[in-house]
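One structure is given below, encoded as structure tokens.
The values are calculated or read from the model by the stated rules, or taken from the named source; none is laboratory data. Every value quoted in this text rests on a predicted model; they were computed, and no experiment measured them. Cβ placement follows ideal geometry from the backbone for every residue including glycine, while neighbour counts extend to all protein chains displayed. Areas reflect the complete protein model, heavy atoms only, side chains present, ligands, DNA and RNA absent. Shrake-Rupley method; radii C 1.70, N 1.55, O 1.52, S 1.80 Å.
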Amino acid sequence: MAARLSQLRITGGVRLRGSIDISGAKNAALPIMSAALLCGETLTLENVPALMDVVTMTRLLEGMGVKASALQSGHLTLNGADIHHPDAPYELVRTMRASILVLGPLLARCGRAKVSLPGGCAIGQRPVDQHLKGLIAMGAQIRVEHGDIHARCTRLKGARIVMDLVTVTGTENLMMAATLADGETVLENAAREPEVLDLARCLQAMGAQIEGAGTDTIRVVGVQHLHAARYAVMPDRIETGTYLVAAAATGGEVLLTGAAPQTLDATLEKLREAGAQIECTDQSIHLKMHGRAKAVSLRTAPYPAFATDMQAQFMALDCVAEGTGVITETIFENRFMHALELQRLGADINIQGHTAVVRGLPRLQGATVMATDLRASASLVVAALVAEGQTTIDRIYHLDRGYESLEKKLTALGATVERIG
Ligand code: EPU
């Protein structure tokens, strides 16, 4: 409860400078953790970020019978030998939509699952019809009653599934389900996000037969059992992008280590367009910003195009850039909540439907603002770092869901940040 009351107070005006390490990816860690349900042996994970969502996923899995132990920082073992309660309750699903990721693995392993239907969300409706459609094509019987998805099957059967739209967790759910199905499953119009590929690599280490992950056609030949494996979660490309944007907005210079630059092409291209000088090695990114950023226009779309999870942060950058940027959101229908909060800092943003026109101003002014979702909160942090005076960000539990050691990392880069309450 205390965490819910916390606020972040940032005094703007400091150019970010220095070096920090990037954490493991939230959106890869969550599906990979649910893969532990597919196997009766131990899954040993490394580079797992210390985040609220990881805690929630651990509690969810433990409730089903998974034995979890976090031995040291970043290290987590999950043993799914005894899954006696294949049930994802509303109290956990409502705090984390990614809980839906247990549905495919539970069905494939236990032949039954009850998962509370995720409700609405701050950024859009986010239905799960594609997850259900795919599982039904694989032979599952599914009914939704009293807010719960009840699913049953004997053994899932391989199928050819053409998804109506590109869905990240939908692809992950079906790919996991297919690993233990009878025969071959082909997922068409699959998501190509690096996190899907990371999950596939972990499943392959567990003995799954998967081809094509990272492309829009994934083929999975089901096996009887998966086995113990050790796997290191990929670096978080959205955390990486967020610090790069923060450095660019403040006219700073940062070195991010333990990163995966090859997963950030669209973000790096936009940062270069904004005037940043960027150099990459295999695992590090160095960004140097000379003077004020130039406004950039962008349109979100599935990977490898520009990520919706980076849209809010770039909007904050455009708010203080030279010129006007036009931002179009095509993935979620309500992902401009941050614009209203950025306006409280003085930003000039005009929203027409799915498009925001952002006129850059020389400066923003500190104020009290409210975090509405994870990436919206990240954009408020970026804006607060450049605003004159103090900005207080309320409801920062959203940030704790997805940014490991945020204050510590910002402080290491020279920012003036404190958590209150
Ligand atoms: N959609 C449907 N039906 C479905 C599934 C999705 O209509 O059955 C729609 C959604 O409503 C949305 C679009 O398809 O309009 C894409 O949604 P997707 O399913 O790809 O999103 P997700 O899997 O629920 C993941 C990330 C999000 C990220 C999106 C898009 C995880 C745990 N979450 O969500 O991350 O924004 O993909 O890239 O991987 C975040 O980290 O802040 C975050 C929201």
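Worth a mention:
- By DSSP, the beta bridges lying fully in the chain are antiparallel in about 70 percent of cases.
- 0 to 90° range, to nearest 10: angle between helix 237-249 axis and the chain longest Cα axis: 0 degrees
- In terms of Cα atoms, the Rg and Dmax of the chain work out to 21.2, 63 Å.
- Annotation: per residue accessible area for the chain equals 39 Å², rounded to a whole number [probe 1.4 Å, protein chains only].
- At an R0 of 30 angstrom, the distance between the Cβ atoms of Leu340 and Ala70 translates into a FRET efficiency of 0.20.
- Taking Cα atoms only, the orientation of helix 168-179 departs from the longest principal axis of the chain by about 20 degrees.
- Rounded to the nearest 10 degrees, the inclination of helix 52-64 to the longest alpha-carbon principal axis of the chain is 10 degrees.
- Protein heavy-atom surface of the stretch 114-155, 1.4 angstrom probe: 51% of the accessible area is carbon and sulfur, with nucleic acids and ligands not counted.
- Hypothetical label at His227: residues of the stretch 19-42 whose amide nitrogen lies under 16 Å (7 Å Cα-Cβ projection): 39-42
- Unit charges on C-beta of K, R, D, E only; dipole of the chain, Debye: 400 debye
- Accessible surface of the stretch 291-421, 1.4 Å probe, proportion on carbon and sulfur as whole %: 49 percent
- Of all accessible heavy-atom area on the stretch 211-283, the percent that carbon and sulfur account for (1.4 Å): 46 percent
- Summarising the amide proton neighbourhood of Glu388: residues at separation of 5 or more, or on other chains, whose placed amide H is nearer than 5 Å comprise Leu364, Gln365, Gly366.
- Calculated FRET efficiency for the pair Arg299/Glu211, C-beta based, R₀ 30 Å, to 0.05: 0.45
- Highest mean first, the peptides 27-38, 360-371 sorted by other C-beta atoms within 10 Å per residue fall in the order 27-38, 360-371.
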